[in-house]
Structures are given as structure tokens and as C-alpha cells.
Amino acid sequence: MSPIILTEISGTKRRLRFRDGARAFPVAQADGQLLVVHDAELDIHAYGQTCADVRSDLVEQIEMMWLEYAEADEAQLTPGAASLGRLLRERLAVQGDDA
């Protein structure tokens, strides 16, 4: 099965782009029914009946994680959540930002 390749995340609140140009998310089949993407580095599990469903879930999760962790005040986060926020900021940028 072909991986889902994302270069940007066009969510409802933000448009994010991957700093390295693109990221591949391998798709596997779980339990013979659902398709799943697991990304250990970003701690993401996305599921769906179709690749389009998985892609949609993946985009929603990345956007939610960006809003909850990357844009949060690190002092208000647990050490693990703050680390995830830093990782997201290293890997993604708000579209249009030059940083």
C-alpha cells in the first residue's frame, strides 16, 4: 500500500508546511478492516476505512497537536508535552512564515 505523503497541512485554523519539504506516512491494515498510520516520532495513530479517511484523520490530528502543543505556553505543559511542541515546531512551520 502506498504511503500518504504530506507537504502541508491545510486545517481549519492553520496552514502548516513540513520544513523538509514532505513527510511520508506508511499505511498499514489493522484488524483486517481499518487502515492505520502510525508515526512514532510525532506519536500519531490515524485510522480510517479508506486512505482518504486516514489522510483526513491524520491532518486533523496534526492540526490539533499544533494548536495544543506547538502554540501553547511551554510553562503550562508537562515535560513530555513541551518536548512534543518543540518537535512539532522543528518539523513544521505556519505557511507563509520564513522561519
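Here are a few things to note about the model shown:
- Between helix 51-65 and the chain there is an angle of about 20 degrees, using the helix long axis and the longest principal axis of the Cα atoms.
- Efficiency of FRET between Ala22 and Asp73 - r from beta-carbon atoms, R0 25 angstrom, step 0.05: 0.25
- Charge tally in the Cβ shell below 15 Å around Asp57, where Lys, Arg are +1 and Asp, Glu are -1, Asp57 excluded: -4
- Computed over protein heavy atoms with a 1.4 Å probe, the accessible surface of region 1-66 works out to 57 Å² per residue.
- Here the spin labels are modelled as points 7 Å beyond Cα on the Cα-Cβ line, and at Ala81 and Thr50 they lie 3.6 nm apart.
- Length released on extending from Met1 to Lys13, taking residue separation times 0.36 nm less the Cα-Cα span: 1.3 nm
- In the context of the full protein assembly, Glu60 retains an accessible surface of approximately 110 Å², using a probe radius of 1.4 Å and ignoring ligands and nucleic acids.
- Neighbours of Glu68 by Cβ distance under 15 Å: Lys/Arg scored +1, Asp/Glu scored -1, total -2.
The values are calculated or read from the model by the stated rules, or taken from the named source; none is laboratory data. Owing to the predicted nature of the structure, the values given are computational and were not obtained by experimental measurement. Because the Cβ atoms are built from the backbone with ideal geometry, glycine has one as well, and the counts that use them run over all protein chains shown. In case anyone asks, the SASA skips ligands and DNA or RNA and just uses the protein heavy atoms, side chains included. Shrake-Rupley method; radii C 1.70, N 1.55, O 1.52, S 1.80 Å.
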